[in-house]
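**Q** The structure follows.
Derivation of every value follows stated rules applied to the coordinates shown; laboratory data play no part. All figures in this text were calculated on a predicted structure; none of them were measured in a lab. Positions of Cβ are generated from backbone atoms using ideal geometry, with glycine treated the same way; all protein chains shown enter the neighbour counts.
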Amino acid sequence: MTGDTLDRSEGATIFLDHVTKHYRSGGGVDDLTLSVGPGEVFGFLGPNGAGKTTVIRLILDLIRPDSGSIRVFGRDSRRDSVEIRRRLGYVPGELALYDRFTAREVLTHFAHLRGGLEWSKIATPAEQMQLDLDRPLRTMSKGNRQKVGLVAAFMGDPELLLLDEPTSGLDPLVQQQVHGEVRRAAAEGRTVFLSSHVLAEVGEVADRVGLIRNGRIIAVERVTELQHRALHQVDATFSSPEDESTFRSLPGVSTCTLTDHVLHLEVSGSLRPIVERLAATELTDLSIREPTLEELFLSFYEQPNA
Amino acid sequence: MREERRSLIGWVAGLLGFCVIMLSMYPTIRGNSGFAKLLDAYPEPLKKLFNLADYTTGAGYLRTEVFSFMAPLLIAIFAIIWGSDLIAGEEERRTIDLLLANPVTRRRMVIEKWLALLTGTVLLSASLELTLGLLGPAFKLHVGWGPLTAVVLGSGLFALAFGTLALAVGAATGSRAVARGVATMLAVATYLLSTLAQIVTWLRPVQPASLWYHALGTDPLSSGFHAGHLSILVLTTIVIVALAALGFERRDLAT
Ligand SMILES: Nc1ncnc2c1ncn2[C@@H]1O[C@H](COP(=O)(O)OP(=O)(O)OP(=O)(O)O)[C@@H](O)[C@H]1O
Ligand SMILES: [Mg+2]
């Protein structure tokens, strides 16, 4: 963990202090300490079963920690839960809606529970997402139901958004819309806590990223640092011979092998020097791939303080 | 909340059907001396067990066919199924995550759910009373609104108590099946206890432990309202609501 996350409990929007939660059947999270500042988009990145949903449901007081404490807006997550929930919006990881009702009925009901929002505040985001409000939710596609969940979370412009894998199972177009909503919220100075198991998604919207696995936080880094660490895998095939050393010496290259016209590179940081060098060759095949989540996590175990 | 409106209509229809069938059979029994003689031949304990006294009069017939078992238990089953679903159902369907993301205390949720249960039970009981009261005369069955109200009130409060119990067990465990099982078992047990105590003398001292006894064991159809007995039902129900809120307050939800 980098030092700047530890001493930011003052004024933090979310502050987890040595939080432990074990489920009876095993699993859970262990001794988590984490701080998210106001106006920040925090990406919570981890594979399936890492503990992302557990943390978000702890923040919401749907489940309670075995030990440790959680403060949201500087308030105790248990004692002041209602006041906290008044100021946040939530999209659950497993979104379940009242299937027999229409989106309009459900949203109106939630607006009522939130102390009566004007309908225009709901209608506008719904229009932006091109949502048909008058169909029973049961007949809606997964993507459209997810949009209902997003409208419910975003309505009334809450100060904090807890989004648990908000784009899982959505097509790229809807994903882009969701990312757009997240950026808009951040631009208005609101805080976003977004969980994901996709590095690219977090890289696109987050300022800072927490990596979690097996219930433990492995690292918290700025996205730019993370992208620097994220080694791109470059594979190229040439029709004419090339000199290996001219690739090895390029900035950011950490691994370089060239055998039989086939080149493999691992590159951190900017890809531009590589692409420019490749442009000067007789390329027959080229692939550039982001590291998988697994490779990213491994990089932290291999060089913990890099 | 408003979700169960449709199923409530189904229950009202079912209960109405049951009443109409029972009422339509009454004219064949009313004043039938042969039937009366036949019943007289029944041994005394059986008569008590099946509530056969005055079977051929209007009140007796209603007591035996409608209120000795079927109608109160039908309303109770409705209340138990609904009560078990109100909170545990939200957890099992996982809609509780979105619901409690709103600024609503868990206590308020329990109370609002219970008010929905109360409303449903009142509506169902009222439709039972109206059916019997309005259609009864058409089948020459006259019992009067007073006695009818007394017995429907007893039935409704009995059902409400066990519907509330189902709500509470659901709130404390998150499981609809457990809630239904516990509430149904206890409802049947109190019925058996109260009924058997009429023929088994050594059970009589424990009869007051049976909610059925307080609701219907005092024969409200002929003896009218018993404020004491009914207030025991009401108090028990209120205590169960409080316990439901307490149990729900301390739990990890939908885990
Ligand atoms: N209700 C539960 N009961 C028991 N164990 C649970 C429960 N929920 C989660 N777990 C366990 O806790 C661990 C963390 O689960 P969690 O749902 O928080 O992970 P996640 O990061 O959200 O995963 P995913 O990406 O699949 O949503 C897992 O090992 C999981 O099996
Ligand atoms: Mg999850």
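**Q** Order these by the 10 Å Cβ neighbour count, fewest first: B:V122, B:V20, B:V151, A:V19. Display every interim value, and only then the final one.
**A** Values: B:V122 12, B:V20 15, B:V151 29, A:V19 23.
Fewest to most other Cβ atoms nearby, the residues stand as B:V122, B:V20, A:V19, B:V151.
**Q** Pull out the extension gain between B:I21 and B:L203, defined as 0.36 nm times the separation in residues minus the alpha carbon to alpha carbon distance; nm, one decimal. Walk me through the intermediate numbers first.
**A** Values: separation 182, 0.36 × 182 = 65.52 nm, distance 3.46 nm.
Length gained between B:I21 and B:L203: 62.1 nm.
**Q** Filter A:K21/A:K142; A:K121/A:K147; A:K52/B:K113; A:K121/B:K113 down to the pairs with a C-alpha to C-alpha distance above 23 Å, please.
**A** Values: A:K21/A:K142 31 Å; A:K121/A:K147 15 Å; A:K52/B:K113 31 Å; A:K121/B:K113 28 Å.
Table pairs above 23 Å Cα-Cα are A:K21/A:K142; A:K52/B:K113; A:K121/B:K113.
**Q** Could you pull out which residues in the range B:106-141 have an amide N less than 18 Å from a spot 7 Å beyond the Cα of B:R250, following the Cα-Cβ vector?
**A** Within reach of a label on B:R250: B:106-108, B:110.
**Q** Same structure again: In whole Hz, with x marking every Gly and Pro, tabulate ³J(HN,Hα) for the range B:81-97 from phi via Karplus 6.51 cos²θ - 1.76 cosθ + 1.60, θ = phi - 60°.
**A** My calculation for the range B:81-97 gives 4, 5, x, 5, 7, 4, 10, 4, x, 5, 6, 5, 7, 6, 6, 5, 4 Hz in order.
**Q** If you take the beta carbon distance between B:A126 and A:E294 as r and set R0 to 60 Å, what does 1/(1 + (r/R0)^6) give as a FRET efficiency, to the nearest 0.05?
**A** Working: r = 63 Å, r/R0 = 1.06.
For R0 = 60 Å, the calculated efficiency reads 0.40.
**Q** Toward the positive end of the charge dipole of the range A:104-152, about the Cα centre and with charges on Cβ (Lys, Arg +1; Asp, Glu -1), which of A:T139, A:H112, A:P125 goes farthest?
**A** A:T139
**Q** When the gyration tensor of the range A:231-290 is built from Cα positions, what are the square roots of 5 times its three eigenvalues, in whole Å, from largest to smallest? All intermediate terms of the calculation are to be shown ahead of the outcome.
**A** On the way: eigenvalues 54, 26, 23 Å².
They are 16, 11, 11 Å, listed largest first.
**Q** I need the phi-derived Karplus couplings for the range A:35-47: 6.51 cos²θ - 1.76 cosθ + 1.60, θ = phi - 60°, integer Hz, Gly and Pro marked x.
**A** 9, 10, x, x, x, 8, 9, 9, x, 10, 10, x, x
**Q** Could you compute the FRET efficiency for A:K142 and B:A242, with r as their C-beta to C-beta distance and R0 at 45 Å, rounded to 0.05? Could the numbers behind the result be given before it?
**A** Numbers: r = 41 Å, r/R0 = 0.90.
The calculated FRET efficiency here is 0.65.
**Q** Hey, got the dipole for the protein assembly as shown? About the Cα centre, +1 on K and R Cβ, -1 on D and E Cβ, debye to the nearest 20? If you can, show how the numbers build up before the last one.
**A** Details: 54 positive and 60 negative charges, 641 e Å.
Taking the Cα centre of the protein assembly as shown as origin, the dipole is about 3080 debye.
**Q** A further question follows. Expressed in nm to one decimal, what extension gain is obtained for the pair A:H22 and A:E127 from 0.36 nm per residue of sequence separation less their Cα-Cα distance? Working shown, then result.
**A** Details: separation 105, 0.36 × 105 = 37.80 nm, distance 4.16 nm.
Between A:H22 and A:E127, full extension yields 33.6 nm more.
**Q** Which ordering of A:T167, B:T131 is given by a fewest-first count of other beta-carbon atoms within 10 Å?
**A** Working: A:T167 24, B:T131 19.
Arranged by neighbour count, lowest to highest, A:T167, B:T131 become B:T131, A:T167.
**Q** Moving on to the next point. Hey, with R₀ at 22 Å, roughly what FRET efficiency would A:Q176 and A:S254 work out to, going by the Cβ-Cβ distance, to 0.05?
**A** Working: r = 32 Å, r/R0 = 1.45.
Computed FRET efficiency for A:Q176 and A:S254 comes out at 0.10.
**Q** Report the full-extension gain for the segment A:S287 to A:S120: residue separation times 0.36 nm, less the Cα-Cα distance, to one decimal in nm. Walk me through the numbers before you get to the answer.
**A** On the way: separation 167, 0.36 × 167 = 60.12 nm, distance 4.77 nm.
This chain segment gains 55.4 nm when fully extended.
**Q** How do A:S268, B:S223, A:S35 rank when sorted from fewest to most other Cβ atoms within 10 Å of their own Cβ? Kindly include the intermediate steps, with their values, before the conclusion.
**A** On the way: A:S268 17, B:S223 10, A:S35 24.
Neighbour counts put them in this order, fewest first: B:S223, A:S268, A:S35.
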